Amino acid sequence: KPRVLSGIQPTSDSFHLGNYLGALRQWVALQDTADAFYMVVDLHAITVDHEPKVLHERSRVSAAQLMALGVDPERSALFVQSQVPEHPMLAWIMGAETGFGEASRMTQFKDKSAKQERTTVGLFTYPILQAADILLYQTDQVPVGEDQRQHLELTRDLAIRFNTAYGQTFTVPDAFIVKETATIKDLAEPAKKMSKSSASPRGCLYLLDEPNQMRKKIKSAVTDSDAEVRYDPEAKPGVSNLMNIYAALGNTTLEKLEAEYAGRGYGDFKGDLAEVVADSLGPIAARTKEYLADKAELDRVLAKGAEKARHVAARTLAKAYKKIGFFPPV
Ligand code: TYM
């Protein structure tokens, strides 16, 4: 079975449609065929402003949402990153292998630091911690959205560099990116990717939104003035984004959508998509709430996941220690 690993930041009260279609849906699907490790990356979340109580609760809400979406802790290791101390330790080692210039080229750092009043060293070294996350598990595939491709390239480069310098230690991972949904666009500004920092409250559709709110956001999504449901991401980014969302959630294809809505304008199309979205995502909020109702049980599930993860992570770390000339971990 291939080994799969991915992570998501607990930096908001709800995940959004971009997270879901770009990554989380693949997390759920891959459980059937892979040995999967999924984590809530709270170590990454502290690289920007955060409040301890809020972070703590969001980590739980994040785990509960993942379970509500179908991540099954019986089949996959579901855990919170800070409960596995091997992560920052391997990150330190990988940091010593990373060039300053190489790290400086990370575009997500440039984007994020531009938005911060004060940029931390942690934000700068964030991709190195991500590389450690992945390499600790001898990961074959990493299901993510397009915006993580560059971090995956860095991870591969570091793995190859370490293996070449010290002998075979890490599996060199591949990004697992589904083309059609690799970048879900902002509903209000379709030139940008959907993100929680959207300038417009209508731009980002959250998985825990009320169904009516979801419908409103879809119906008010920016399209264009030629009223033709046709897939053309360059000329018609708004409509094409909605079509990608429709195809993914409605189990249909772009061709079928074009045929179905030929000559009908955007009103029908958006109205139907609003129902598809509300039907498929609407139940997630209630399921999330159920998992959150028993916090002690949820925390137990996560501790068990962390134990499973540590078992694998500790083995890889010990191997890296030996290769690099450290004393073994005790
Ligand atoms: P994060 O928390 O920003 O996002 C989680 C996942 O959602 C994807 N995503 C999108 N996909 C399509 N369209 C969008 N508009 C969109 N917005 C977000 C992201 O690509 C991601 O897959 N650095 C990672 C977290 C991380 C990680 C890891 C991932 C830490 N360690 C190890 C994989 C492996 C991040 O910030 O994701």
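The values are calculated or read from the model by the stated rules, or taken from the named source; none is laboratory data. This is a predicted model, so every value here is computed, not measured. Don't worry about glycine lacking a Cβ; one is built from the backbone with ideal geometry, like all the others, and counts go over all protein chains shown. For the accessible areas, the whole protein counts, side chains as well, though only heavy atoms, and no ligand, DNA or RNA atoms are used. Shrake-Rupley method; radii C 1.70, N 1.55, O 1.52, S 1.80 Å.
Values as computed for the structure displayed
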| quantity | calculated |
| --- | --- |
| Accessible area per residue in Å² at 1.4 Å probe, computed on the chain | 47 Å² |
| Ranking by accessible area, most exposed first, for 98, 169 with a 1.4 Å probe | 98, 169 |
| Accessible surface, 1.4 Å probe, highest first, among residues 106, 89 | 89, 106 |
| Cα gyration tensor, the stretch 33-163 - rounded (a/c under 1.5), prolate or oblate | oblate |
| Summed side-chain charge close to residue 166 - residues other than residue 166 whose Cβ falls under 11 Å, Lys, Arg +1, Asp, Glu -1 | +3 |
| Integer Hz, Karplus 6.51/-1.76/1.60 couplings in order for the stretch 319-330, x for Gly and Pro | 4, 5, 4, 4, 4, 8, x, 7, 6, x, x, 9 |
| Under Karplus coefficients 6.51, -1.76 and 1.60, residue-wise ³J(HN,Hα) of the stretch 170-185 in Hz, glycine/proline x | 10, 5, 8, x, 10, 6, 10, 10, 8, 3, 4, 10, 5, 9, 7, 8 |
| Formal net charge of residues neighbouring residue 177 (Cβ-Cβ distance under 9 Å; K, R +1; D, E -1) | +1 |
| Carbon/sulfur fraction of accessible area - the stretch 188-329, other protein chains in place, 1.4 Å, % | 53 percent |
| Probe 1.4 Å - accessible area at residue 225, Å² to nearest ten | 120 Å² |
| Area of residue 324 that stays accessible when all protein chains are in place (1.4 Å probe, Å², to 10) | 50 Å² |
| Cβ-based net charge around residue 197, under 11 Å, with every Lys or Arg adding one and every Asp or Glu removing one | +3 |
| Computed [θ] at 222 nm, helices only, for the chain once each DSSP H run of length n ≥ 4 contributes -39500 (n - 2.57) | -16000 deg cm²/dmol |
